[in-house]
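In what follows, a structure is listed as structure tokens, so that the remarks can point back to it.
The values are calculated or read from the model by the stated rules, or taken from the named source; none is laboratory data. In this text, all values refer to a predicted model and were calculated from it rather than measured experimentally. Using ideal geometry, Cβ is built from the backbone for each residue, glycine included, and neighbour counts are taken over all protein chains shown. Only protein heavy atoms, including side chains, enter the accessible area calculation; ligands, DNA and RNA are left aside. Shrake-Rupley method; radii C 1.70, N 1.55, O 1.52, S 1.80 Å.
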Amino acid sequence: MARTQGSHSDITGPRIRQAALGLFARHGYAAVSMRKIAAEVGVQAGALYNYTPDKQSLLFRLMRDHMQDLLSAYGEQKQTGDPQDALRRFVGFHIRFHLQRPDEVFIAYMELRNLTPENFAEIEDLRRKYEDGLEAILREGQRAGIFAVADTKIATLAVIAMLNGVMTWYRAGGRLSLDEVEAVYWDMVRKAMTA
């Protein structure tokens, strides 16, 4: 049987992941079948199994890749000893990184419930590493007397949840520029931490 045009592994594998990403983000993991992913890519459903063992593996890989990209990009950010400057940089980084990846962000937060326990544990570990970076900033600011935070873990989760909200409403070309949105969010976070 002849191979489907464009079904080379270095092309088809990424196309399958991209199709799954878009379909999971638009319709939800549970509503998307392997057959639907195959149709989106333009291959036979059985051909998908040459690239992934199952739909769960696709979801897990998408989430893992997103979290690894996030950790890698954050690790490349210029570090500063000033907790307030570090927090400002975190706010800007988080908003800008995530706005460039709306489908990945949606899946990373909304589809956790569909992971197997083993896959969930690995993704949760990666998320915790990212959260630990922010919590370390808050703890340092707390020790320096800059931040008045009663519980750095709760504050970490609250800040990330607030920043994630930008992805639900921000549109380029809207009333506020991205720089203005970042400044507004930084002001809110700064005031919340220094109350």
Legend entry - HN-Hα J in Hz across region 70-80 - Karplus 6.51, -1.76, 1.60, θ = phi - 60°, x for Gly and Pro: 4, 5, 5, 5, 5, x, 7, 5, 5, 8, 9
Inset, instruction - Using only alpha carbon pairs under 8 Å that are at least six residues apart, calculate the relative contact order of region 1-157 and give it in whole percent. - result: 24
Legend entry - Helical mean residue ellipticity (222 nm; -39500 (n - 2.57) per DSSP H run of 4+; nearest 500) of the chain: -22500 deg cm²/dmol
Legend entry - Rel. contact order, % - alpha carbon contacts under 8 angstrom, at least six apart, region 24-100: 16
Legend entry - Positive dipole terminus of the chain, leading residue within 138, 154, 50 (C-beta point charges): 50
Inset, instruction - Could you rank the peptides 30-39, 160-169, 58-67 by their average count of other C-beta atoms within 10 Å per residue, with the highest value first? - result: 58-67, 30-39, 160-169
Legend entry - Separation of alpha-carbon centers, region 78-123 and region 133-195, rounded to whole Å: 13
Legend entry - Most to least packed among 178-190, 93-105 [average Cβ atoms within 10 Å]: 93-105, 178-190
Inset, instruction - Mind putting a number on the dipole of the chain about its Cα centre? Charges go on the C-beta only, +1 for Lys and Arg and -1 for Asp and Glu, and I need it in Debye to the nearest 20. - result: 460
Legend entry - Among [x] 0.95; [y] 1.06; [z] 0.99, the entry derived from the coordinates for Rg/Rh (Cα atoms, Kirkwood Rh): [y]
Legend entry - Full-extension gain in nm, residue 73 to residue 110, via 0.36 nm per residue minus C-alpha separation: 11.1 nm
Inset, instruction - Please report, as a whole percent, how much of the solvent-accessible surface of the chain comes from carbon and sulfur atoms (probe radius 1.4 Å). - result: 52
Inset, instruction - Would you mind getting the accessible area per residue of region 57-195, heavy atoms of the protein chains only, 1.4 Å probe, in Å²? - result: 52
Legend entry - Charge sum, other residues only, whose C-beta stays under 11 Å from residue 183's C-beta, Lys/Arg counted +1 and Asp/Glu -1: -2
Legend entry - Farthest toward positive dipole pole in region 1-111 [+1 Lys/Arg, -1 Asp/Glu at C-beta], among 33, 22, 105: 33
Legend entry - Relative packing of peptides 134-142, 75-83, 20-28 - highest average C-beta neighbours within 10 Å first: 134-142, 20-28, 75-83
Inset, instruction - Grab the chain and count how many Lys pairs have their alpha-carbon atoms under 27 Å apart, sequence gap of 8 or more, or different chains. - result: 8
Legend entry - region 123-195 shape via C-alpha gyration tensor axes, a/c threshold 1.5: oblate
